[in-house]
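J.: Pasting in a structure now, in structure tokens, and then I'll have a few things to ask.
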Amino acid sequence: MMLEIGLCLIREGFTMTAERLEKIFREILDILDIGIHIIKTNGDTVLYNSSMGKLERLVPANVIGKNLLEIFPSLNNETSTLLYVVNTGRPIVDRVQTYINFKGQKITTVNSTYPLKDGQKIIGAIEIAKDITKLKELSEKVAFLQSSSKENTKRKKEGHPFAKFTFDDIVGESKEIKKTISMAKKAAQTSSSILIYGETGTGKEMFAQSIHNASSRRNQPFIAQNCAAVPESLLEGILFGTVKGGFTGAIDRPGLFEEADGGTLFLDEINSMGANLQAKLLRVLQEGVIRRIGDTNIIPINARIIAAANENPIECTKNGTLRKDLFYRLAVVYIKIPPLRERKGDIYILTKYFIKNLNKTLGKNVIDVSHDVLKVFMEYEWLGNIRELENAIEGSMNMIVNESYIEIEHLPFYILEQCNQDGNYIYKDKNIENEDKLAKYIIPYNNQDAEDAYDIADSALDQVIDRIEKEIIVKTLDLYNGNITKTAEKLKIKRQTLQYKIKKYGLIL
């Protein structure tokens, strides 16, 4: 090919030096959209164009002059097509090759490799590589969309409910959760977009389903899609649909916007959606139409969008994971679900609720949790929120044989490890100095007379525990003359935790 180009230039009257001609050749090679790699018989690279560099994620300047096996250590004389052709003189045409470069990156190409000869002598080999990345992605997209289509059809045939939860299923009596439920009920009476913010495990989809079932769309579809569950290239086809011929293997298939027409489309973890797809979603919200991938026709849609984020949306707009204009368009109604640590008054209610349900599922007869376990539950952070609480109770009940109460020894190890490490609850320790002076502040919590001692009937449980904790800290500080380090050691908590609690309770040293 290069010889033909050179002869053509000379024939057309181009006069130039060999150096100039070589430069033109290299410029042409860099323009080509196919990768070219030439080696000598010893495996050293003499030519490596830009397209090959893009294909293999390598910088040509770092490859030229280096040995092939140095650049691709996973290859050898038998597995490398270039070295095979150099050693055998036999060309290889259109072979799919997968290998790992020195950066540990997996590369897949379709290669054609030919020997370079001077007369009968082999002086090297040339490999021409075609990038099939997009073709592979499209094939995977087709397979995924076809599979998804089958699942949707199966779901409809089986008559599965689109949304099963209502506001009656949301358990809690705290003022925080009641306020959130009230706001969600008001939002259900409108058709505006909603953005729900809540940490993982707070029940965002339960709220979304409850809003749908309390709305005028209750008899229409409720479709949910987690935006973090699939790559953006697949998510676009899932949301907008495809048309036959749009890309290789594409079929006529409606997207979720069309399936949710007349109902509600719930997009969870919207902050995980790519920027390009966020822009398309914004346009759908503004214009009320969609266009399937590969189609030129627009389709009007009437689906209410409820989006959810598991990270603070305001922070997401600052760090660029959520477009500001999309945030404003989605957050016409903004609902924040409080984490469990901010609604501790609901922990015991939820605990009893889960025990009751899990007794049926697991065939158990558990009555309640012990006082010690309840104290742990009240002090634990619950970073996984309600979902973590439910899983912890289920795990504990699996450890019960004939007992009627969940005890400390039944709790999952990770809860006990975290509590022991962070010192978020206190056990009576026989080795504590002056324990007799501390015992009266710890023991009443487990004493049958505790209710009278602390007026539990007139106080919320978390207030009672705060009162007990405050008194223990005050008396322990007094024992050690306000020494933070010694007090923290005896209470088995970190100094920072103790300082936080001192500030929390407004104690003056």
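The values are calculated or read from the model by the stated rules, or taken from the named source; none is laboratory data. Values in this document were obtained by computation on a predicted structure and should not be read as measured data. Note: ideal-geometry Cβ built from the backbone for every residue, glycine included; neighbour counts use all protein chains shown.
J.: Is there any pair linking a residue in region 274-289 that is surrounded by fewer than 12 Cβ atoms within 10 Å (Cβ to Cβ) to one that is charged (D, E, K, R) and assigned to a helix (DSSP H, G or I), with Cβ under 8 Å and at least six apart or on different chains, and which?
T.: If the second residue must be charged (D, E, K, R) and assigned to a helix (DSSP H, G or I), the pairs left are ASN276/GLU232; GLN286/ARG329.
So that you can scan it fast, the table gives a plain yes or no per residue for (1) over 11 Å from ILE393 (Cβ atoms); (2) in a loop (DSSP other than H, G, I, E, B):
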position: LEU350; (1), (2): no, no
position: PHE354; (1), (2): no, no
position: ASN359; (1), (2): no, no
position: VAL366; (1), (2): no, yes
position: LEU374; (1), (2): yes, no
position: MET378; (1), (2): yes, no
position: GLU381; (1), (2): yes, yes
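J.: Now for a separate question. Considering only region 491-506, state which residues are closer than 13 Å to ASP466 by Cα and surrounded by 14 or more Cβ atoms within 10 Å (Cβ to Cβ).
T.: Hits for region 491-506 are LYS501, ILE502, TYR505.
J.: For region 112-129, what are the residues that are among the β-branched types (Val, Ile, Thr) and in contact (Cβ under 8 Å) with a residue 40 or more places away in the chain?
T.: Within region 112-129, the first condition is being among the β-branched types (Val, Ile, Thr), and the residues that meet it are 113, 122-123, 126, 128.
Across region 112-129, the qualifying residues are ILE122, ILE123, ILE126, ILE128.
J.: While we're looking at this one, here's another question. Considering only region 29-142, give the strands (runs of 3 or more DSSP E) lying wholly within it that have at least 3 residues that are among the β-branched types (Val, Ile, Thr), within 30 Å of GLY237 (Cβ to Cβ) and modelled with pLDDT under 90. Let's see the steps before the verdict.
T.: Details: elements: 35-40, 45-48, 92-100, 106-118, 121-131.
Ranges flagged: 92-100, 106-118.
J.: While we're here: Of all residues being under 18 Å from LEU322 (Cβ atoms) and over 16 Å from the mean Cα position of the chain (by Cα) in region 227-244, which is surrounded by the most Cβ atoms within 10 Å (Cβ to Cβ)? Just the residue, please. Break it down into steps so the answer makes sense when it comes.
T.: Within region 227-244, the first condition is being under 18 Å from LEU322 (Cβ atoms), and the residues that meet it are 227-229, 232, 235-236, 239.
With over 16 Å from the mean Cα position of the chain (by Cα) added as a condition, the list becomes 236, 239.
Working: GLU236: 21, LEU239: 25.
Going through the qualifying residues, I end up with LEU239.
J.: Another question about this same structure. For the list (1) basic (Lys, Arg); (2) more than 23 Å from VAL332 (Cα to Cα); (3) at pLDDT 90 or above, I need the number of the one condition that ARG292 fails.
T.: (3)
J.: May I ask you to say which residue of ILE314, ILE306 is buried (at least 17 other Cβ atoms within 10 Å of the Cβ), under 26 Å from the mean Cα position of the chain (by Cα), hydrophobic (A, V, I, L, M, F, W, C) and at pLDDT 90 or above? First the steps, then the outcome.
T.: On the way: ILE314 fails: buried (at least 17 other Cβ atoms within 10 Å of the Cβ).
None of the others qualify; the one that does is ILE306.
J.: Kindly list, by first and then second residue, each pair from a residue in region 403-430 that is modelled with pLDDT of 75 or more to a residue that is hydroxyl-bearing (Ser, Thr, Tyr) and not in a helix (DSSP H, G or I), limited to pairs with Cβ atoms under 7 Å and residues at least 6 apart or on different chains.
T.: Short answer, once both residue conditions are applied: TYR405/SER370; ILE406/SER370; GLU407/SER370; ILE415/TYR380.
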